[in-house]
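Scroll down for the structure; my scribbles are underneath it.
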Amino acid sequence: MVDSEKGSFTLEKVSVTYGKEMAVTDVSLFIPARQVMALIGPSGCGKTTLLRCLNRMNDELGNVTVGGKIILDGVDINSPAVDPVALRTQVGQVFQKPNPFPMSIYDNITFGPRTLGIRKKGELDAIVEDTLKRAALWKEVHKNLKKHAFELSGGQQQRLCIARALATSPECLLMDEPCSALDPISTQLIEDTMEKLKNAVTIVIVTHSMQQASRVSDNTAFMLRESMEEPARLIEVSETEKLFTVPSDPRTEAYITGRFG
């Protein structure tokens, strides 16, 4: 039975075409609310492409066609009636490389709320404190919120980006290899943050690390492009423990045991 809880995604035969080349085809997938879904697979297998479909970031590339349906809160997000900018306040994103805005810590986090019309300093202060605490950064920066974001370490910048994404109270958070450029301590902090955030926010993470997928996710989807002539496909999706211990498809087993990829 499909859970239609707020914050859950239902993908129905989703395909992505760049120009005339189909990159992803026939992906049907349910992403439960307030859990972590990991997307795994070799490089070039469509993980990031699929992730970017969930908040229509592919729209920004031009010459991209997304087929099928992606339903969030009962609405097909690719409907002409859906405003992509408004969608991205519902479905925030954290990228592989930290991308703080060239401004202070405080202004990074309040940028989104201000664009939504929040002006009262007390409200903005509360959002800054709340999101920095949720992103495990408050203790490190609360005495100097006017510090320029570029002065933070890479791991701190990534946690700032998480806090910034949370500032618009999203239902979902997309994370595209958020720890790939970070040290083990920063990685642990972000993984701990994800564990806490999933109580309130649906998280979809692309990761090349199967160890990370096994640590942080409730469910895992394995994607594969079997040849350069074929588009990427969803091979298998399951509860993470089951997928890593008793995968149902031999291609999944071959990948997670290191026989390719």
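The values are calculated or read from the model by the stated rules, or taken from the named source; none is laboratory data. Since we're looking at a predicted model, the values are computed, not measured. All Cβ positions, glycine included, derive from the backbone under ideal geometry; neighbour counts span all protein chains shown. Areas reflect the complete protein model, heavy atoms only, side chains present, ligands, DNA and RNA absent. Shrake-Rupley method; radii C 1.70, N 1.55, O 1.52, S 1.80 Å.
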Loop-only trypsin sites (Lys or Arg not before Pro) in the range 57-120, please: DSSP not H, G, I, E or B, and at most 16 other Cβ atoms within 10 Å. Arg119, Lys120
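Quick one: net charge around His208, please, counting Lys, Arg +1 and Asp, Glu -1 for every other residue with C-beta under 12 Å from its C-beta.
On the way: positive: Lys47; negative: Asp176, Glu177.
Computed value for this residue: -1.
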CD proxy at 222 nm, helix term only [per DSSP H run n ≥ 4: -39500 (n - 2.57); per residue of the chain; nearest 500]: -9500 deg cm²/dmol
For the pair Ser43/Asp26, report the inter-label distance in nm, with labels modelled 7 Å from Cα in the Cβ direction. 2.8
At R0 = 45 Å, how high is the FRET efficiency between Lys146 and Gln211 if r is their beta carbon distance? Nearest 0.05 is fine. 0.75
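Quick one: net charge of Lys13's neighbours, Cβ under 14 Å, K/R +1, D/E -1?
Working: positive: Lys69, Arg233; negative: Glu12, Asp26, Asp76.
Taking every Cβ under 14 Å from that of Lys13, the sum is -1.
Could you sort Ser248, Ser28 by accessible area so the largest value comes first, with the probe set to 1.4 Å? Write out the running numbers ahead of the final one.
Numbers: Ser248 95, Ser28 60 Å².
If we order Ser248, Ser28 from most to least accessible, we get Ser248, Ser28.
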Skip the ligands, DNA and RNA, and give the accessible area per residue of the chain with a 1.4 Å probe, whole Å². 48
Testing the spin-label approximation: label points 7 Å from Cα along Cα→Cβ at Asn63 and Phe95. State their distance in nm. 2.0
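Measure off, as a whole percent, the carbon and sulfur share of the 1.4 Å-probe accessible area of the chain, all protein chains present.
On the way: 6480 of 12440 Å².
Roughly 52 percent of what the probe reaches on the chain is carbon or sulfur.
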Please identify the longest segment of the chain free of exposed GluC sites (Glu not before Pro), where exposed means a DSSP state other than H, G, I, E or B and no more than 16 other Cβ atoms within 10 Å. 6-225
What distance in nm lies between label points placed 7 Å from Cα along the C-beta direction at Met103 and Met228? 4.5
